[in-house]
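Derivation of every value follows stated rules applied to the coordinates shown; laboratory data play no part. None of these values were measured; they are calculated from a predicted model. Note: ideal-geometry Cβ built from the backbone for every residue, glycine included; neighbour counts use all protein chains shown.
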Amino acid sequence: MTTFPLKILNNRNMIFLLALILGFLWDTGAHYTQRLILPGLAVIMTISSLGISGDTFRSAKTFIKSSLAGIIGNFFLHGLILIGLSMLVIKDQAFWNGFILLAAVPPAVAVIPFSLFLRGNMELALFGTIGAYIGGLMITPLVALTFLGTGFISPMKLLLVFGELIIGPLLLSRILIWTGLLKKIDLYKGPITNWSFFLIIYIITGLNRDIFIQQPLSVVPVALVAILTTFVLGWAIERAGSLLEFEKSTVTSFELLVTFKNYGLSGALALVFFNPQTAVPSTVTSAIGILYFIWLEMRINKK
């Protein structure tokens, strides 16, 4: 029988919460492990891609429709709402720049494993993410140029992220399947994924711990925008999907494509081209996003 402590340590939501708490209590380890974010995401993507059938890639129609859904949902629906809310709520120039960067980047690659966890439409999650990254090669620099006055974001950076976090893991997952190695790791897929997320969440939280402690009041309007573009926007998408009678799995994946941005990329760009304060919107929204995912999964498990 599994003991109670082991059950807790195998509970995905508990693991995510522990990562947040540890990041606030002890940030030293985050500074030493921050280079593990991309490898950790690559591991998660590889494990998540193992459940995607090879037949999925044979339908051009599905790829085009899903790609357009990812581009429209992530850049236009989420992006325009985010920019509009920022104009109304955000007064600090650094925070404004940070939200523009957040609006400009593609969806989080975690949309794919999150769709798996929430029983979403994996084809929509995968192709929507891929399509958004391809579209982002043009859209991201254009948004930055329009609102920030210069081309801050290199298309080559996006292309590199695309290769490291999508193409590479997809190819590796096919190799694991074709060679039969999948059978040897099948029992460990859940723990590997969950604790890889633990590492990533801990690093992101730990690196930005001082912002929450030293500037709590200044973070309030940022948190408000983050909540409106995750919890409230996600609720609106669910309601619209229900009224239009779309499949629940499709609504779930589209909701994730719209509400989750690549916080790591936008935060890194903020640090490179501006200052730590400009990274606050990415940090706060990533923390809200983690809580939002936990809330979504708790709802799924209650049904």
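A few points about this structure:
- Working note: Karplus 6.51/-1.76/1.60 with θ = phi - 60° gives region 266-271 the couplings 5, x, 5, 5, 4, 5 Hz, where Gly and Pro are set to x.
- Magnitude of the charge dipole for the chain, about its Cα centre and with charges confined to Cβ atoms of Lys, Arg (+1) and Asp, Glu (-1), is about 540 debye.
- Residue among 64, 116, 18 farthest towards the positive dipole end of the chain, charges placed on Cβ: 116
- Adding -39500 (n - 2.57) for every DSSP H run of four residues or longer, then dividing by how many residues the chain holds, sets the calculated 222 nm ellipticity at -22500 deg cm²/dmol.
- Farthest toward positive dipole pole in the chain [+1 Lys/Arg, -1 Asp/Glu at C-beta], among 249, 282, 97: 249
- Remark on residue 261: its backbone amide H falls under 5 Å from those of 108, a criterion applied only to residues 5 or more positions apart or on other chains, H modelled at 1.01 Å from N.
- Sorted fewest first by neighbouring Cβ atoms within 10 angstrom, 186, 27 come out as 186, 27.
- The phi torsions of region 105-119, fed into the Karplus equation with coefficients 6.51, -1.76 and 1.60 and a -60° offset, translate into couplings of 8, x, x, 5, 5, 5, 3, 5, x, 4, 4, 5, 5, 9, 6 Hz, rounded to whole numbers, with Gly and Pro shown as x.
- Subtracting the Cα-Cα distance of residue 271 and residue 171 from 0.36 nm times their residue separation leaves 32.9 nm of extension gain.
- Computed from the Cα positions only, the extents of the chain along the three principal axes stand at 53, 47, 40 Å, in decreasing order.
- Cα-centre dipole for region 133-261 with unit charges at Cβ (Lys and Arg positive, Asp and Glu negative), debye to 20: 340 debye
- Virtual spin-label span in nm between residue 160 and residue 61, 7 Å along Cα→Cβ: 4.0 nm
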